[in-house]
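Enquirer: Here you go, one structure.
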Amino acid sequence: MPGIGFTRIGRNPVKEALISGDATIGGWITFSSAVVAEAMAPLGFDWLAVDIQHSPVGWDTTVSCFRAIQLGGGVPMARIPWNDPVWMQRTLDAGAMGLIIPMINCEADAVKAVANMHYSPAGERSYGGSRLRPYVQGDWKSWSDANMLCVVMIETVEAAQHSDEILSVPGVDACFIGPVDLALSMGIRLDQMGPGTEHEALIQHVLQVGQKVGTPVGKHCNDGAEVRQRIAEGFQFLACASDARFMTKQAQDELAAAGVERRKTGSKKGELY
Ligand code: 3PY
Ligand code: MG
């Protein structure tokens, strides 16, 4: 009996799209649930990131989320807790096809991140039992070195000031602006972001640098309307809010539609999650 079979993974379509100059739209999994990841995966996101940095997700559940995303036809990614070889190498082995790496503040941080995405001789990744290996086309080492997506986060003033060096490091596939940490690093309140602010000027500065050096720029967006606006501006790697934001917003809307005035505990202006 042949069984139901599985699809072999050729190229990483997110990496290909970015290289072609296209925009990609991702979803953000904070609910620590493979069932949520499975529900999100077939909806049409180009990639889905499990947020290991800012959610209580455990290791086994992270693996289950990657499986669920893959099953639904999405590209599994993760935002790891730190620019650390242990997190990077374990998360890649667990089945991520790309990593979003927080707090990359200088060229050396970016060089370190890239090194841990690649096996020797190009990098410093240790070789082990990677979960995706049976699913890819061809030789695992070559596939992995060519297809893992390295996305560095620009989320401090220092990072924005060094964005030219950071985004010029070979192997940095894209950057992803974290607007909230960027605001905190500027010493401003979260309601001081938006059009006409210094915060927005820094975001646009990073976009211009990315376009100058040829590295795609992304951002975590509040909602679909912002994703659309940022794509029109030239951003290419956009995350649309989060699973938690979708659920709480819908719940609030439905309660309001039902005419129920209850506690207002939902996200406030400037909060992504
Ligand atoms: C931030 O806004 O700081 C983020 O990390 C968003 O993902
Ligand atoms: Mg952040």
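Enquirer: All but one of (1) closer than 20 Å to Asn147 by Cβ; (2) free of Cβ contacts under 8 Å to residues at least 40 places away in the same chain; (3) out of contact with any strand residue (DSSP E or B) (no Cβ under 9 Å at 6 or more places or on another chain) hold for Gly3; which doesn't?
Expert: Unmet condition: (1).
Enquirer: Does Gly95 satisfy the criteria of being surrounded by fewer than 24 Cβ atoms within 10 Å (Cβ to Cβ), more than 12 Å from Val151 (Cα to Cα) and modelled with pLDDT under 95?
Expert: No; evaluated as a whole, the condition is false for this residue.
Enquirer: Report whether or not Gly270 is surrounded by 16 or more Cβ atoms within 10 Å (Cβ to Cβ), over 17 Å from the mean Cα position of the chain (by Cα), more than 24 Å from Lys112 (Cα to Cα) and modelled with pLDDT under 95.
Expert: Yes.
Enquirer: Right, something else. Please indicate, with yes or no, whether at least one residue in the stretch 120-141 is surrounded by 15 or more Cβ atoms within 10 Å (Cβ to Cβ), β-branched (Val, Ile, Thr) and more than 16 Å from ligand 1 (Cβ to nearest atom).
Expert: Checked the stretch 120-141: at least one residue is surrounded by 15 or more Cβ atoms within 10 Å (Cβ to Cβ), β-branched (Val, Ile, Thr) and more than 16 Å from ligand 1 (Cβ to nearest atom).
Enquirer: Restricting the stretch 89-102 to residues that are within 19 Å of Gly218 (Cβ to Cβ) and among the hydrophobic types (A, V, I, L, M, F, W, C), which is farthest from ligand 1 (Cβ to nearest atom)?
Expert: Top of the filtered list is Met97.
Enquirer: Could you check the stretch 142-162 and list, in sequence order, the residues that are more than 16 Å from ligand 2 (Cβ to nearest atom) and either β-branched (Val, Ile, Thr) or surrounded by 19 or more Cβ atoms within 10 Å (Cβ to Cβ) (or both)?
Expert: Listed by number, the residues that qualify are Trp143, Ser144, Asn147, Met148, Leu149, Cys150, His162.
Enquirer: Among the candidates Trp82, Trp87, single out the residue that is buried (at least 16 other Cβ atoms within 10 Å of the Cβ), under 17 Å from the mean Cα position of the chain (by Cα), among the aromatic types (Phe, Trp, Tyr) and within 16 Å of ligand 2 (Cβ to nearest atom).
Expert: So the residue among Trp82, Trp87 that is buried (at least 16 other Cβ atoms within 10 Å of the Cβ), under 17 Å from the mean Cα position of the chain (by Cα), among the aromatic types (Phe, Trp, Tyr) and within 16 Å of ligand 2 (Cβ to nearest atom) is Trp87.
Enquirer: So which residues in the stretch 169-191 are in contact (Cβ under 8 Å) with a residue 12 or more places away in the chain, more than 13 Å from ligand 1 (Cβ to nearest atom) and over 18 Å from Asp109 (Cα atoms), if there are any at all?
Expert: Answer for the stretch 169-191, where residues must be in contact (Cβ under 8 Å) with a residue 12 or more places away in the chain, more than 13 Å from ligand 1 (Cβ to nearest atom) and over 18 Å from Asp109 (Cα atoms): Arg189, Asp191.
The values are calculated or read from the model by the stated rules, or taken from the named source; none is laboratory data. All figures in this text were calculated on a predicted structure; none of them were measured in a lab. So basically every Cβ, Gly included, is an ideal-geometry build from the backbone, and we count neighbours across all protein chains shown.
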